[in-house]
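Some notes on the structure that comes next.
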Amino acid sequence: MIVRSVTVLICTYNRADLLRDTLVALQAMAAPPACAVDILIVDNNSTDATATIVSAFDHGQRFPVAYRRESRQGKSFALNHGLTEACGDVIALTDDDVRPATDWLSRIVQAFRTRDITFVFGKVLPRWSTTPPPELLTERAQEIWGPLALLDYGDADIPCDADTRGVKLPIGANLALSRAALTTIGGWRTDLGKVDNSLISGEDHEIFMRLRRHGLFRGLYDPENRVRHYVPASRLTRRYFRRWFYWCGKTRALMLQDLYPELDLNRVLKIGGTPRFLLRQGLEQTMRYLRTLGSNDSLAVLIEEVTLLQYAGLYVECWHRRRHRHGPNREEVTA
């Protein structure tokens, strides 16, 4: 792919101080050879000093910084606004609390220039605000790292294509995509992505399902492509983990057809709006959780508990959507 320009896109909401550090780190990056770089900040209704912070980077910077405001609350609205404004051949996504390595953009551009890909991603490593519980630093704990927005798939390149089984997906804190591919699939789904300040997410996951359906799923995990993500103390509590996984279940309920594309969910037997096979899975998960109670393995208990809470969130959202579709007095057609 010919890459002459890159737009770094950051969507932000009330994190002015952290955003300042991110902008400083971005300006310290090495410039990719023969490639124009600009930075686009989309403010999703911040009430803090975000606009003032960004304005301090208006002039005299190595990479120009632009500010836009998106009034519809939700990260996907902000991302789509950014996509319409971005002019780069590649859209490099990161968060407002991230510090990229100095070679971050150079590695992204090199990957697109040397491989036939539509996306590239890498490690998202922590900047701990406080010392985390030791159990969260183990390899086994990585399966519940979702609330921490961290990613580490090892130290080897991993090509990603439609034929790869069990492919591991990126997260938006360190992800670059072809602007042409994003435009082709229509950008991000606006019912996902922290809508109305909820913990509804899934916008990163869902967009790769559409890339796959359009024959555009060609990517690379580059382990040397690294950013550092700030992890506040509030995310290290069991309370936050429980809440995050519950909302993850609600997100999955919005994506059922994408998660099970081989099924015609209109014909699948449902109880209370939930496909029956998912109720069976939830019952099996309940038994796994109960078997861990009384164990001295606190991490195992947490893993099984939050997985069960994910099913709970899914059931609640399926029930809510059923009532919204049919009304409180309608009989549900279950087959």
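Condition check ((1) closer than 19 Å to VAL109 by Cβ; (2) without any contact (Cβ under 8 Å) to a residue 60 or more places away in the chain; (3) touching a His at 6+ places or on another chain (Cβ under 9 Å)) across all residues:
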residue: VAL6; (1), (2), (3): yes, no, no
residue: CYS11; (1), (2), (3): no, no, yes
residue: VAL24; (1), (2), (3): no, yes, no
residue: PRO32; (1), (2), (3): yes, no, no
residue: CYS35; (1), (2), (3): yes, no, no
residue: PRO64; (1), (2), (3): yes, yes, no
residue: ARG72; (1), (2), (3): no, no, yes
residue: ALA86; (1), (2), (3): yes, no, no
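Do we find a residue being surrounded by 14 or more Cβ atoms within 10 Å (Cβ to Cβ), hydroxyl-bearing (Ser, Thr, Tyr) and in contact (Cβ under 8 Å) with a residue 40 or more places away in the chain anywhere in the range 293-307?
yes
Going by the conditions given, is SER46 in the same structural domain as ARG218 (by TED's automatic domain parsing) and surrounded by fewer than 23 Cβ atoms within 10 Å (Cβ to Cβ)?
yes
With the requirement that a residue be exposed (fewer than 12 other Cβ atoms within 10 Å of the Cβ) and part of a helix (DSSP H, G or I), what does the range 141-160 give you? Show your work before the answer.
Initial filter on the range 141-160 (exposed (fewer than 12 other Cβ atoms within 10 Å of the Cβ)): 143, 154-156.
Of everything in the range 141-160, just one residue is exposed (fewer than 12 other Cβ atoms within 10 Å of the Cβ) and part of a helix (DSSP H, G or I), namely GLU143.
Across the range 234-290, what is the number of residues that are closer than 18 Å to GLY146 by Cα and not in a helix (DSSP H, G or I)?
Within the range 234-290, residues that are closer than 18 Å to GLY146 by Cα and not in a helix (DSSP H, G or I) number 2.
Pull out all pairs, ordered by first then second residue, where Cβ-Cβ is under 9 Å, the residues are six or more apart or on different chains, the first lies in the range 269-280 and is free of Cβ contacts under 8 Å to residues at least 60 places away in the same chain, and the second is β-branched (Val, Ile, Thr) and in a loop (DSSP other than H, G, I, E, B).
Close Cβ pairs (under 9 Å, with a partner that is β-branched (Val, Ile, Thr) and in a loop (DSSP other than H, G, I, E, B)) amount to PRO275/VAL268; ARG276/VAL268; ARG276/THR334; PHE277/VAL268.
Can you tell me how many residues within the range 217-246 are within 24 Å of SER106 (Cβ to Cβ) and either touching a Gly at 6+ places or on another chain (Cβ under 7 Å) or not hydroxyl-bearing (Ser, Thr, Tyr) (or both)?
Counting residues in the range 217-246 that are within 24 Å of SER106 (Cβ to Cβ) and either touching a Gly at 6+ places or on another chain (Cβ under 7 Å) or not hydroxyl-bearing (Ser, Thr, Tyr) (or both) gives 12.
The values are calculated or read from the model by the stated rules, or taken from the named source; none is laboratory data. What you are looking at is a predicted structure, and each value in this text was computed from that prediction instead of being measured. Cβ atoms come from the backbone with ideal geometry, glycine included; neighbour counts cover every protein chain shown.
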